[in-house]
Amino acid sequence: MTEARYTYDYATTFQQYIDTWLDERGYTVKEFAHAHGLSDSGVYRWRRGEYPSWDNAAKLADALNLPLKRLYVLVGLLTPEQADENVTAPDPSKMSNEDLLRELERRLGQSSE
């Protein structure tokens with residue numbers, strides 16, 4: 001495999017990032033998945049628009065040599081502004097139902113109004 005350096009860009013979609021990363025390094029999906037302890041079916045799903053589970057996100061960030069915060073921006077769990085800050089997630093057990101709903105809507109980009 002050739003070692004290429006892909007410059008991260010917040011405007012890049014998650015699917016584009018994975019495709020470019022694999023192409024620049026000459027990996028097939030199966031080679032990449034097996035080399036990093038991921039399922040090839042999972043990588044195929046990610047390339048079609050699905051996002052990794054929380055468990056797989058850490059493995060994927062490590063495999064892509066990408067900070068976990070940046071991966072979270074790519075999958076839409078954090079905004080670029082949040083990733084540039086020291087972001088600490090609130091403890092859900094200490095949040096009101098209304099606050100939990102607002103946070104979920106914010107992350108999904110939806111409003112119940």
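Residues that are farther than 10 Å from ILE18 by Cβ and of a type in the set (Lys, Arg) within region 28-58 comprise LYS30, ARG45, ARG48, listed in sequence order. For region 10-33, the candidate set comprises residues that are loosely packed, with under 14 Cβ neighbours inside 10 Å, over 13 Å from the mean Cα position of the chain (by Cα) and over 13 Å from LEU64 (Cα atoms); within that set, the residue that is modelled with the lowest pLDDT is ALA11.
The set of residues in region 77-94 that are within 23 Å of TYR51 (Cβ to Cβ) and either basic (Lys, Arg) or at pLDDT 75 or above (or both) comprises LEU77, LEU78, THR79, PRO80, GLU81, GLN82, ALA83, ASP84, PRO92.
The values are calculated or read from the model by the stated rules, or taken from the named source; none is laboratory data. For clarity, every value in this text was computed on a predicted model and none was experimentally measured. Note: ideal-geometry Cβ built from the backbone for every residue, glycine included; neighbour counts use all protein chains shown.
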